[in-house]
Structure formats: C-alpha cells, structure tokens
Amino acid sequence: MGFLIENFGAIFFFLVAALTVAGAVGVVTLRNPVHAALALLETFVMVAILFILRHAEFLAAVQVLVYAGGIMVLYLFVIMLVKVKDLRAEDAFLLNIAPLAVLGGVLLGALLAAGILLGTMAAGDGAVAALQTIGDETVGNTEAVGWLLFTKFLVPFEVVSVVLLVAMIGAIVFGRRDAALSGPGEGVEP
Amino acid sequence: MLTPTHADLVAIAPEIILTITAGLLLIVEAFLPGLRRHFSGLAMVGVLAAIWARLHFELPGAVWAGMMQIDELAAFVDIYILVAVIFTIAMAGPFLRRTETEVGEFYALILLATVGAMVMASSVNLLPIFLGLELLSIPLYVLNAFLRRSQVSVEAGLKYFVVGAVASAFLVYGIALLYGATASTDLAVIGSQVASSGQLNPLVAIGLAMIVGGLAFKLALVPCHAWAPDVYQGGPTPVTAFLAVVPKGAALIVLLRLADGMDLLHISPQWVAAAAGIAVASQTLGNIVAIVQSDVKRMLAYSGIAHMGYAMVAVIVAGADGGAAVLVYLVAYTLMNMGAFASIAMLSEREDRPHFINDLRGQGYKRPIVALALTTCLFSLAGVPPFIGFTAKFVVFRAAVNEGFVWLAVIGVVNSLVSAFYYLRVVYAMYMQPLPRREPKFQFSFQIATAAAVAALGVLILGIYPTPILEAAQTAILVLVR
C-alpha cells in the first residue's frame, strides 16, 4: 500500500499513457467508424490529462475544447453524412504487408523505449516553473502561455496562422465548381 | 521585454511581401476574375520585390528572440529559392492557360509555399523549422492535385500527402525526443550540449535519426524515395519543377545546420556510416533505375534521387568545404532542373499522358531553341564540362577527397558516368532519330522557351565562369562554420 501511495504519480501517468495508446490502437483497428471516432475521443481526453500532469492546464483545456469538442463533432458529422456503416475489408496486398508493418512498429517502439531508458532526462520538474513565470512574476499558466505566444514565439505563431490559411485555400481549391477549373481542359478520358 | 523591433520586421520583409502578394492574388481572384491573365505578372512582381528587399536591407543576424538567423547564408538560400520561384511562375502562366486552370489560388499557394521554404531555411530553432516545412508542404499537396480532372494529378497529390504526413510525423517525433533530451529546441543550445558531452546521448541519436528520416522523405533519398517517380510524373510540370528544387534545398540547409551545429562528422561514427550508406544507395539506385524509364519526368525523378545522393556527400563532409559545396550544388541543381522541366513543359501534348522520350524524336531540328536548352541541361545533369553540373560535382568530390572520403568520391564519379547514359539517350532521340510518323502537336510558348533558354544560359555561363557562385557560397557558409 505504501508503495502505491509513494509512486502514485508514476502509476497514474503510466495508466493514462497506456489508455492513450489503447485509444490510438482502437482508432486504427475498430471496423465501425463511429467506434473509431469514439476511441479517438478517448485518446484526446487522455492526452488532456497528460497535459494536466505536466502542469499545462491551459493546453489541457484547449485540447478538450478544440479537439474533443470541435474537431470530434466535425468528424462525427462527416461520418453520419456519408453514412459509412462498416469499412470494407482491406485488399490482399495490404493484409500481406500488415505483419511487416507490425514488426516495423514494434521495432521502432523497442528502439524508442531503449533510447528513453538509456538517455538521461535533462528536463526535470524545473521546466514546470517556467510555465508560470514571466520575468520575475508568477502568473497563471494561461497568462504565461499567452505572453510567450506573443513575444518569444511570435514568428512561429504567425507562421501557424498562415498554415491554417493555406489549408483553407487548399480545401476551397478542391471544393470550388468554377468554370476555370472544370472546363474541358486536359480531363480524364471521356 | 521581448517586443519586435524594427530589425525584426525588416529581416522578414521578403516573407511579408510574399504573403501580402498571395493575399492580394486571392482577393483579386475573388472580385476581379477578369484580371486572371495578369496574375503571373503580379506574382512575379511580388517575387522580384522580395528579392529586392533581401538584397537591399542589411542582414541583422539573429532576430525574433533567436528563432531566426537572417545572415549571409539565409540570404543566399532565400535568393536561390526566389530565383527558382521566378522560373516556376514563368513556366506556370502559359501552362495554366493551356490546361485552362489559371486561377489566383495557384500563384498564391506557390508564394505561400515559398514563404514556408524561406522560414525553414533561415530558422535556427526546430519549432519554426517544423512549421516552415508544414507551410511548404501543405500547398504542395494541393498543387500536385491541381489538375483535378486528371487522374494522375490527383493520384500524385494524394501520394505526396500521405508520404508527407508520415514525414512530418517522423520529424515532429524527432524534435520531441531532442527536446526531451536537451530541454531546448534551439539548434545552438542542442549543439553546445552535444558538443560538451562529446558523444551522442541515445535519446539525441534516435531523435536525430527521426529528424533525418523525415527530411529524407522530402529529399527523396533512398529508402524514402518511393513517392518521387509517381508524384513527379503526375503533378503539373511547373509544380514538379518547384517540388524538385525548393523543398530539397530547404531540407538540405536544415540538415547542414544540424550536421554542422552538432559536429556530427567528428562526434558520431554512426551518423557518418548511415549518411554515407544513404548517399551511396540513393546515387546507385537512382541512376540504375533511371536507365529503364521511358517517361522523361519519371527519369528526372530518379535523376533527382541520385543528385540528392551526391549532395548528401557534401553534407557528410560538412565544415567550410562541404557546406560551400552543398550551396554550389543547390544552385547548379536548380538551374539544370528548371531548364529541363521548362523544356518538358513545352514538349508535351496532354498533361495527363506520359511524357515519353519517344515523343521527343526529331525535335532537335523542329524546335531548335528548346531542344538545345534541354540538351544543355541534360549534359550538365550528367556532369559534363564546361557546364555548371560539372563544377558542382567537382566541388563536392574535391571536398570529399580533402576530408578523407576518397571512396565516396570514387563511387560518385562512377555513378556520374552511369548517369550519362540515360541523359544522353534523350539527346540521341532528339537529334539522331527522325520525327515520328504521327507528329506530336506541341504548342509553342515564347515565355516557357525564354525560361528554358535563360536557365540553359545560366548553366553554361556559370559553368565557364563559376567564381561569383563559389565566392558567394564561401562567404555564406562562413556564418555557419566559425
């Protein structure tokens, strides 16, 4: 019992981490798209808990609001609109390479685990304090994130906004039904 | 307190100009679609203004809280990227009119991808490097599938998207591991930690391997090359030209910053072995498989794989010699490929059909200027003097020999000899074989012919008189190697 209490943090972390991975595995293995979406939702929530464990409360809240809230609803809308009940079985080619893919994944996982165990973690809990200090002041996590976003990380922040704009333009290019894009041109064989 | 200064803003003036031009194109597209004919001109003005801004304003060094490093190296890379974009836009205008897909989004996406490449190449922090790569990649997924009615084009877009997503995942995982090991995403901090410990922490090694893997996808190096032929073949030719040059250049610069920043050559024997293996495999596989291609664009894809193999040799050598060699190689590679793809863009009937080498039979006398430009670029790609391709290979192999990698240089030279076969086969078809009975109908375009001719002239002139490029590259690389 004493062991459980002493290592509560570590045990909780590994439990949440295992559930995150389990949800991710569920996303790719479940045949029913709605089930897969729910597994994804579980992964999102678990990642939010991982953020809380690292004292990144703001990120956790954003994770739940944006991913579990917004993006998940969008996925479910799309699944319901296109009415996919079950995915059809994979082609023989894909099934043939599946063992190789699993082997590759396991090897990669083993490599990562070995690396993480052997490598010393330079970033300890000291990094947590950095999430809550600006200059000499101690502020809330949200304030600190906002401050960093608009000072030190201003350029990456602006680049992200352009990335989102580009994604939107791309979707419009594919979605538009315009004379310029649907003319005879060089089409597929009539 | 960290507030943006005048120097910060001026340092990224070219990026800002390009972003504004892209936005302007989108707005004009929405409200004045009648102006579509002038879009390539507008995009061109934006790129020229960006070049002017980069040359005119002084280079401040570290800006934006140390995220970006706007120095001679960044300026060199920016200008080479922007020149490549000028060729792309020059090719794109007539091409889009021919395929009836001339809309503002095409140019806007090209310009925004350029901004991504420039951010990537001038950042010294893994965070903006990753975001720059995303900004470079997402427009290219769309642009490859731009001819929506052509199945090969959509296939190219989809393949590039899937592969690009995997590459991004590798890269971001590698960055996370490096951050876990060093508590920093700043290349200088990571580099100094690695240098002070004198060896690679296993976590750093794995993170680095994943980053190199992610970049290898973008560079189409063996074993991450499988996407290249299909994407090259299917995408619109101006996009292929852009894709062949700009992302590879930006990724090579990031690799160079990593290799030099951590002094991998001297610290890690595994890095040297792995990178040398990748370089040799890319050269050999690229050149051998290119021999059996019957489609010019697929052949150029395999040729691109081989050429990145040569460039990797220079990355391994690193230091002042290797770094300068990478830059010279990039300039040469850009000019040769732009000339070749511009010629191919004109020597094609229908974009969704393969560009067979057989269709080029007899074109040497039918279309002398374009055929001559293509011939010049192909000779240069094969590394024949006096063209710039020879100079670039010479600089790379000389750097390799000086650092004691004689075997890499020997393999490179042997590979160049093999490559001459398939490049010259195209030249043979153009000049030594008669026109086919059913003569292909190629539309002449003055603009594309000019682009091809200018690139070919550049290949020739800089091949005979390479001093300006060599000197600029040496000055630029001194920033990195202190």
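The figures follow:
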quantity: Unmet requirement for B:Thr21, which otherwise passes all of (1) more than 26 Å from A:Lys152 (Cα to Cα); (2) open to solvent by 50 Å² or more (accessible area, probe 1.4 Å); calculated: (2)
quantity: Some residue of the stretch B:63-79 being at pLDDT below 95, out of contact with any Leu (no Cβ under 8 Å at 6 or more places or on another chain) and open to solvent by 20 Å² or more (accessible area, probe 1.4 Å); calculated: yes
quantity: Boolean, B:Val194 is surrounded by 18 or more Cβ atoms within 10 Å (Cβ to Cβ) and of a type in the set (Val, Ile, Thr); calculated: yes
quantity: Restricting the stretch B:439-450 to residues that are of a type in the set (S, T, N, Q) and part of a loop (DSSP other than H, G, I, E, B), the residue that is most open to solvent (accessible area, probe 1.4 Å); calculated: B:Gln443
quantity: Helices (runs of 4 or more DSSP H) contained in the stretch B:329-424 and holding at least 2 residues closer than 21 Å to B:Lys297 by Cβ and not aromatic (Phe, Trp, Tyr); calculated: B:363-366, B:368-382
quantity: Filter result for the condition that a residue is within 25 Å of the chain's Cα centre (by Cα), open to solvent by less than 10 Å² (accessible area, probe 1.4 Å) and under 24 Å from B:Ala455 (Cβ atoms), over B:Leu42, B:Leu82; calculated: B:Leu82
quantity: Test result for B:Ile110, within 12 Å of another protein chain (Cβ to nearest Cβ) and outside any loop (DSSP other than H, G, I, E, B); calculated: yes
quantity: Residue ID - farthest from the other protein chains (Cβ to nearest Cβ), chosen from residues in the stretch B:143-162 that are open to solvent by less than 10 Å² (accessible area, probe 1.4 Å) and not in a loop (DSSP other than H, G, I, E, B); calculated: B:Ala156
quantity: Among (1) in contact with a Leu (Cβ under 8 Å, 6 or more places away or on another chain); (2) buried (at least 23 other Cβ atoms within 10 Å of the Cβ); (3) under 24 Å from B:Met67 (Cα atoms) - the single one B:Ala216 does not satisfy; calculated: (1)
quantity: Any pair with Cβ under 9 angstrom, 6 or more apart, that starts in the stretch B:282-296 at a residue that is farther than 20 Å from B:Gly412 by Cα and ends at one that is in a loop (DSSP other than H, G, I, E, B); calculated: B:Ser294/B:Pro354; B:Asp295/B:Pro354; B:Asp295/B:His355; B:Val296/B:Leu347; B:Val296/B:Ser348; B:Val296/B:Pro354; B:Val296/B:His355
quantity: Failed item in (1) of a type outside the set (Asp, Glu); (2) more than 8 Å from every other protein chain (Cβ to nearest Cβ); (3) surrounded by 24 or more Cβ atoms within 10 Å (Cβ to Cβ), with B:Gly116 passing the rest; calculated: (2)
quantity: Selection from the stretch B:179-201 of residues that are part of a helix (DSSP H, G or I) and among the polar types (S, T, N, Q); calculated: B:Thr182, B:Ser192, B:Gln193, B:Ser196, B:Ser197
quantity: Any hit, the stretch B:451-466, residues being in contact with a Lys or Arg (Cβ under 6 Å, 6 or more places away or on another chain) and open to solvent by less than 80 Å² (accessible area, probe 1.4 Å); calculated: no
quantity: Tally, over the stretch B:202-223, of residues that are at pLDDT below 90 and either among the β-branched types (Val, Ile, Thr) or not in a helix (DSSP H, G or I) (or both); calculated: 4
quantity: Residue match in the stretch B:47-68 (condition: more than 12 Å from chain A (Cβ to nearest Cβ) and on the phi > 0 side of the Ramachandran plot); calculated: yes
quantity: Condition met for B:Pro139 (open to solvent by less than 10 Å² (accessible area, probe 1.4 Å), within 27 Å of B:Ala259 (Cα to Cα) and assigned to a helix (DSSP H, G or I)); calculated: no
quantity: Given (1) touching a helix residue (DSSP H, G or I) at 6+ places or on another chain (Cβ under 8 Å); (2) under 28 Å from A:Ala144 (Cβ atoms); (3) outside any loop (DSSP other than H, G, I, E, B), index of the condition A:Leu65 fails; calculated: (1)
quantity: Per-region count, the stretch B:92-107, residues more than 7 Å from chain A (Cβ to nearest Cβ) and open to solvent by 10 Å² or more (accessible area, probe 1.4 Å); calculated: 3
quantity: Conditions (1) surrounded by fewer than 16 Cβ atoms within 10 Å (Cβ to Cβ); (2) more than 23 Å from the chain's Cα centre (by Cα); (3) away from chain A (no Cβ under 14 Å): number failed by B:Pro33; calculated: (3)
quantity: Hits in the stretch B:45-62 (condition: in a strand (DSSP E or B) and open to solvent by 30 Å² or more (accessible area, probe 1.4 Å)); calculated: B:Ala62
quantity: Positions within the stretch B:6-18 being touching a residue at least 12 places away in the same chain (Cβ under 8 Å) and either surrounded by fewer than 16 Cβ atoms within 10 Å (Cβ to Cβ) or in a helix (DSSP H, G or I) (or both), in sequence order; calculated: B:Ala7, B:Asp8, B:Val10, B:Ala11, B:Ala13, B:Pro14, B:Glu15, B:Ile17, B:Leu18
quantity: In the stretch B:429-438, the residues that are assigned to a helix (DSSP H, G or I) and either exposed (fewer than 13 other Cβ atoms within 10 Å of the Cβ) or among the aliphatic types (A, V, I, L, M) (or both); calculated: B:Ala429, B:Met430, B:Met432
quantity: Considering residues of the stretch B:164-216 that are within 16 Å of A:Leu118 (Cβ to Cβ) and hydroxyl-bearing (Ser, Thr, Tyr) only, the residue nearest to the other protein chains (Cβ to nearest Cβ); calculated: B:Thr182
quantity: Residues within the stretch A:141-157 that are open to solvent by less than 20 Å² (accessible area, probe 1.4 Å) and either of a type in the set (Gly, Ala, Ser) or facing chain B (nearest Cβ under 7 Å) (or both), tallied; calculated: 3
quantity: Which listed residue, of A:Leu117, A:Leu103, is closer than 30 Å to A:Leu30 by Cα, at pLDDT 65 or above, in a helix (DSSP H, G or I) and over 23 Å from the mean Cα position of the chain (by Cα); calculated: A:Leu103
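Table: residues versus (1) farther than 14 Å from A:Ala68 by Cα; (2) touching a residue at least 60 places away in the same chain (Cβ under 8 Å); (3) open to solvent by 50 Å² or more (accessible area, probe 1.4 Å); (4) part of a helix (DSSP H, G or I).
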| site | (1), (2), (3), (4) |
| --- | --- |
| A:Leu4 | yes, no, yes, yes |
| A:Phe13 | yes, no, yes, yes |
| A:Val16 | yes, no, no, yes |
| A:Val21 | yes, no, yes, yes |
| A:Arg31 | yes, no, yes, no |
| A:Ala39 | no, no, no, yes |
| A:Glu42 | no, no, yes, yes |
| A:Val45 | no, no, yes, yes |
| A:Ala48 | no, no, no, yes |
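The values are calculated or read from the model by the stated rules, or taken from the named source; none is laboratory data. Source: prediction; values computed, not measured. Cβ sites come from the backbone with ideal geometry, for glycine too, and all protein chains shown count toward neighbours. Areas reflect the complete protein model, heavy atoms only, side chains present, ligands, DNA and RNA absent. Shrake-Rupley method; radii C 1.70, N 1.55, O 1.52, S 1.80 Å.
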